[in-house]
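Bear in mind these aren't lab numbers, they're just calculated from the coordinates by the rules spelled out. Keep in mind that what you see is a predicted model, and the values were worked out from it rather than measured. In this analysis, Cβ positions are derived from the backbone assuming ideal geometry, glycine residues included, and neighbour counts consider all displayed protein chains.
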Amino acid sequence: MILPPASTIGIVGGGQLGRMLAVAASRLGYRVHIFAPDAYSPAAEVAAAFTRAAYDDADALRIFAEGVDVATYEFENIPVATLETLEQHVPLHPSPHAIAVAQDRLAEKTFVAGLGVRVAPWAPVDDRAMLTTAIAQVGTPAILKTRRFGYDGKGQGRIAVPADADAAWDAIGERPAVLEGHVAFDREFSVLLCRGIDGGVVTWDTPDNVHVDGILAKSTVPATGIVAVQAAEATAIATRIATALDYVGTLACEFFAAPDGPVFNEMAPRVHNSGHWTIEGARTSQFENHIRAVCGLPLGGTDTLYPRVEMQNLIGDQAHAWLDILSDPAAHLHLYGKAEARPGRKMGHVTRLLE
Ligand code: AMP
């Protein structure tokens, strides 16, 4: 199915990823309708229509679905049932199956390891007794991660020695979890790809990512050193994952660059913060190619257009430097329109195109 321009794309989720998707869609002549429960939505501010309703509001979902020609999502913690309801009324990409796998660390690990991909040693933890067994199996140091609703390092407890188990179990709120062995990695990086409705896959250059306090701080292309060495293998792994999911749209897979090869960490079934550099730095951005994919259009070229591209997140009050950033001729400033610069909140980003 090719969706002609002037059609309406429904986006579930109302954050900055939806905002940048809406901008890309509007450039191609599409209308965007946002569905989100939030009173304030960065995406709705740049969209043609906004339905503010809870994700389990079946009537609102049906009316939304009937008013759009295709639907997609920008947030991986949307209930799978919401997307299954939508799918009954309108074509939806990526599929609810992709999000079901990605939003549950246990399902994700099982699926990815089942494809023969290397992941950190891990064991499921449903209760405190299973945590003791898991520590015996996986060893320490280890990280206890909630199965669901973890992001940017939230929902995690570090276990340096077995005696830390109680504190970690408490820290994650005694919820179903996965225990992961600590990976001694040199660097972290991500693979960004987009898979079209016809199964064709395009990939971008692999960004080298630096996290601070569990939140992405900076992505740089081209990657250097060990990340450059492992990029091709990781890209092949991410392509295998996308194909196995029959995925349509932009997918991000995060990896640890361990001394003996890439270790898969997690995937995001959506456009991703480490791909924001593609807006100015690549021939076609992750946002535009996602829109093209869900509309059944040919995907655009993904080559990097500058010798070096750096994307820096503006977290919390870092965004107050907007005037200084604008005086740098190499800088492209993006602000998401959020009024309050709370600590840890992603307020915007700046991309620098360097020679
Ligand atoms: P995650 O939410 O799983 O991406 O974890 C947030 C951050 O914690 C990652 O970006 C890593 O810096 C670190 N981390 C997570 N899992 C591991 C692991 N198994 N070994 C070492 N570091 C980890």
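Each 5 Å bin from 0 upward holds the following percent of the Cα-Cα pairs of region 1-43: 6, 26, 30, 20, 12, 5, 1. Taking a ≥ b ≥ c as the square roots of the eigenvalues of the alpha carbon gyration tensor, region 121-181 is rounded, as a/c is under 1.5. Annotation: amide H-H contacts under 5 Å for ARG308 (H modelled 1.01 Å from N, sequence separation of 5 or more, or interchain): LEU354.
Along region 308-315 the Karplus relation, 6.51 cos²θ - 1.76 cosθ + 1.60 evaluated at θ = phi - 60°, assigns HN-Hα couplings of 8, 10, 10, 10, 10, 6, 9, 9 Hz to successive residues, with x for each Gly and Pro.
Amide H contacts of ILE215 (H built 1.01 Å from N, in plane; Pro and chain starts excluded): no residue 5 or more places away or on another chain comes under 5 Å. Converting phi to 3J(HN,Hα) with the Karplus coefficients 6.51, -1.76 and 1.60 and the offset θ = phi - 60°, region 195-201 yields 10, x, 4, 7, x, x, 10 Hz in sequence order, with x at every glycine or proline. Packing here is the average count of other Cβ atoms within 10 Å per residue, and on that basis the peptides 26-35, 13-22, 200-209, highest first, run 13-22, 200-209, 26-35.
Per residue of the chain, the DSSP helices (runs of n ≥ 4 H) give a summed -39500 (n - 2.57) that works out to -8000 deg cm²/dmol at 222 nm. Charged neighbours of THR239, selected by a Cβ distance under 12 Å, balance to +1 (K, R count +1; D, E count -1).
The tail of the calculated P(r) for region 8-92 beyond 22 Å holds 12 percent of all Cα-Cα pairs.
Can you give the alpha-carbon Rg of region 187-354 over 2.2 N^0.38 Å, where N counts its residues? Intermediate results must be reported in sequence, preceding the final value.
Values: Rg = 15.8 Å, N = 168, 2.2 N^0.38 = 15.4 Å.
Normalised Rg, Cα atoms only: 1.02.
Going from the fewest other Cβ atoms within 10 Å to the most, the residues CYS295, CYS253 appear in the order CYS295, CYS253. In terms of other Cβ atoms within 10 Å, LYS338, LYS109 run from fewest to most in the order LYS338, LYS109.
Each DSSP beta bridge with both residues in the chain is either parallel or antiparallel, and the antiparallel ones are about 80%. Assuming R0 = 45 Å, can you tell me the calculated FRET efficiency for the pair VAL201 and ALA163, based on Cβ-Cβ distance, to the nearest 0.05? Efficiency computed from Cβ-Cβ geometry: 0.45. Result for the chain in a Gaussian network model with C-alpha springs under 10 Å: among HIS334, HIS276, HIS93, the largest mean-square fluctuation is at HIS334.
Sorting SER95, SER274, SER41 on the 10 Å Cβ count, fewest up front, what's the list? Don't skip to the end; give the middle numbers.
Working: SER95 18, SER274 28, SER41 22.
Taking fewest neighbouring Cβ atoms as first place, the list is SER95, SER41, SER274.
Considering only beta bridges that DSSP places wholly inside region 1-98, some 0 percent are antiparallel. For THR278, neighbours were defined as the other residues whose beta-carbon sits under 10 Å from its Cβ, and their charges (Lys and Arg +1, Asp and Glu -1) total -2. Close amide-amide hydrogen proximity is noted between ALA43 and GLY15, ARG19, each under 5 Å apart and 5 or more residues distant or on a separate chain (H modeled in the peptide plane; Pro and chain starts excluded).
Pull out a ≥ b ≥ c, the square roots of the eigenvalues of the alpha-carbon gyration tensor of region 279-355, then state rounded if a/c is under 1.5, prolate if not and a/b is larger than b/c, and oblate in the remaining case.
In terms of gyration-tensor shape, oblate.
Expressed in Å, the radius of gyration and Dmax of the Cα atoms of region 150-283 are 16.2, 52. Per-residue Karplus couplings for region 127-133, computed as 6.51 cos²θ - 1.76 cosθ + 1.60 with θ equal to phi - 60°, are listed in order as 8, 4, 5, 5, 5, 4, 4 Hz, Gly and Pro entered as x. Computed over the chain, the Cα gyration tensor eigenvalues convert (square root of 5λ each) into semi-axes of 31, 25, 21 Å, ordered from largest to smallest.
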